[in-house]
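The values are calculated or read from the model by the stated rules, or taken from the named source; none is laboratory data. Not measured: the values here are computed from a predicted model. Counting neighbours? That spans all protein chains shown, and the Cβs are built from the backbone with ideal geometry, glycine included. Note: accessible area is taken over every heavy atom of the protein model, side chains too, but ligands, DNA and RNA are not part of it. Shrake-Rupley method; radii C 1.70, N 1.55, O 1.52, S 1.80 Å.
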Amino acid sequence: MTAGVDLGPKTQAIGSDEDVVRVRQLVRTVAVAAKLSLVDQTKLVTAASELARNTLIYGGGGTAEVTVVEDGRRRGVRIVFADSGPGIADLDLALTDGYTTGGGLGLGLSGSRRLVDDFDIQTAPGEGTRITVTKWSR
Amino acid sequence: MERVPILKIGDILLVSIQIDMSDQTAVTLQEDLAERIVATGCHGVIIDITALDIVDSFVGRMLSTIASISKVLDAETVVVGMRPAVAITLVELGLSLNGIRTALNVERGMELIAATRDDDPGYDDDPEGVESGTAATSP
Ligand SMILES: Nc1ncnc2c1ncn2[C@@H]1O[C@H](COP(=O)(O)OP(=O)(O)OP(=O)(O)O)[C@@H](O)[C@H]1O
Ligand SMILES: [Mg+2]
């Protein structure tokens with residue numbers, strides 16, 4: 001571990017579009033500390049920006065928790081986006097390129113899934129949405 | 001809310017984005033630029049994104065919208081300085097920067113705008129341009 005760099009979990013509340021900026025900054029700082037490559041940092045921060053905006057707009061706000069993880073061989077950065085909004089009724093549809101209920105481009109979910117290594121969604125109507133993404137160093 | 005400054009350099013408006021923009025800042029920039037194009041009569045807009053370490057779908061859409069708005073207002077928009085990692089990420093995200101012209105840096109962007117205006121027979125600000133434009137359309 002790098003001395004002087006705190007790699008413990010960090011949480012950012014998402015309640016405004018300024019908070020979406022803060023999520024990007026937090027994820028960038030942690031991705032640099034975890035020594036992801038520049039391209040991987042860029043992909044992870046971009047995915048985080050998309051998911052944080054969804055948390056704000058569709059989830060009615062929530063949190064992003066950023067953690068450095070290890071699997072014995074590699075180090076990575078994991079982010080959990082959680083909200084207690086309406087949830088997603090048809091997940092397959094929501095994950096389709098171009099599908100939007102908000103007048104966006106419909107690329108946030110499907111695109112961020114392509115940008116990370118692991119992508120997991122737990123959601124149900126009325127039960128909020130919890131999305132976990134991980135980007136591993138290579 | 002922070003605001004992105006718009007500089008006028010000759011016939012060109014230069015926007016150098018130096019901050020991590022909130023969505024509201026991006027929307028405001030879009031509106032400010034439309035107003036400045038009309039107020040100044042500029043025919044070119046250069047958006048320098050050298051300092052941006054990401055472009056997500058929101059900013060990508062803003063760039064496309066600015067390009068479309070400026071076209072309607074008779075101005076060309078060129079986006080310059082996109083980092084390689086940003087370009088790679090945009091493609092994987094699935095964002096096609098529709099209608100956006102790009103150049104390597106501000107200087108190349110200016111050349112591109114100048115070349116486009118020269119080729120355009122509808123360009124009527126330059127007295128000689130009017131003549132060649134008229135000649136090109138007469139039988
Ligand atoms: N946290 C969430 N809670 C509830 N619904 C969500 C959530 N995130 C996404 N969705 C639903 O999934 C759809 C697709 O999301 P996605 O991010 O792909 O597109 P978008 O946000 O509509 O457009 P874009 O992100 O391209 O601007 C949204 O329109 C919304 O209906
Ligand atoms: Mg989205």
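Excluding ligands, DNA and RNA, what is the accessible area buried between chains A and B, summed over both sides, using a 1.4 Å probe, to the nearest 100 Å²? Walk me through the numbers on the way to the answer.
Values: alone 7290 and 7960 Å², together 13260 Å².
The contact between B and A buries close to 2000 Å².
Quick one: how many Å² of B:M82 are accessible to a 1.4 Å probe, rounded to 10?
60
Skipping prolines and chain starts, which residues have an amide H placed within reach, meaning under 5 Å, of the one on B:T77, given they are 5 or more residues away or on another chain?
B:V45
Just the number please: accessible area per residue for segment A:11-136, 1.4 Å probe, all protein chains included, in Å². Working shown, then result.
Values: 5340 Å² over 126 residues.
On a per-residue basis, 42 Å².
Rounded to a whole number, what % of the accessible area of segment B:6-119 do carbon and sulfur atoms account for, probe 1.4 Å?
Working: 2700 of 4870 Å².
The nonpolar share, carbon plus sulfur, comes to 56 percent.
Mind pulling the angle between the C-alpha long axis of helix A:38-57 and the longest principal axis of chain A? Nearest 10 degrees, somewhere in 0 to 90.
40
To the nearest 10 degrees, how steep is helix B:106-119 against the longest Cα principal axis of chain B, on a 0 to 90 scale?
Helix B:106-119 sits at roughly 30 degrees to that axis.
Using a 1.4 Å probe on the protein heavy atoms only, what accessible surface does A:K35 show? Give it in Å² to the nearest 10.
Counting only protein heavy atoms, the figure is 130 Å².
How large, in percent, is the carbon and sulfur part of the accessible surface of segment A:27-67 at a probe radius of 1.4 Å?
63
Helix-only estimate, please: 222 nm mean residue ellipticity of the protein assembly as shown, summing -39500 (n - 2.57) across DSSP H runs of length 4 or more and dividing by its residues, to the nearest 500. Don't skip to the end; give the middle numbers.
Details: 9 runs with 118 residues, N = 277.
Value at 222 nm, helices only, nearest 500: -13500 deg cm²/dmol.
What does the accessible area per residue of chain B come to in Å², with a 1.4 Å probe and no ligands, DNA or RNA counted? Show your work: numbers first, answer last.
Working: 6930 Å² over 139 residues.
About 50 Å² of surface per residue is accessible.
Along the three principal axes, how long is chain A when you take its alpha carbons, biggest first, rounded to the nearest angstrom?
45, 26, 22
Short version: ³J(HN,Hα) in whole Hz for each residue of segment A:11-18, in order, from phi by Karplus 6.51 cos²θ - 1.76 cosθ + 1.60 (θ = phi - 60°), x for Gly and Pro, what are they?
Whole-Hz 3J(HN,Hα) from phi for segment A:11-18: 10, 10, 6, 10, x, 7, 6, 5.
With a sphere of radius 11 Å drawn around the Cβ of B:F58, what net charge do the other residues whose Cβ falls strictly inside it have (Lys, Arg +1; Asp, Glu -1)?
-2
Does any residue of segment A:40-72 lose at least 20 Å² of accessible area with all protein chains in place compared with its chain alone, and if so which ones (probe 1.4 Å)?
With the partner chains in place, segment A:40-72 has these residues losing at least 20 Å²: A:T42, A:K43, A:T46, A:E50, A:R53.
Where in segment A:96-118 does accessible area fall by at least 10 Å² between the isolated chain and the complete protein assembly, at a 1.4 Å probe radius?
Residues meeting the cut-off: A:G103, A:G104, A:L105, A:L107, A:G111, A:R114, A:L115.
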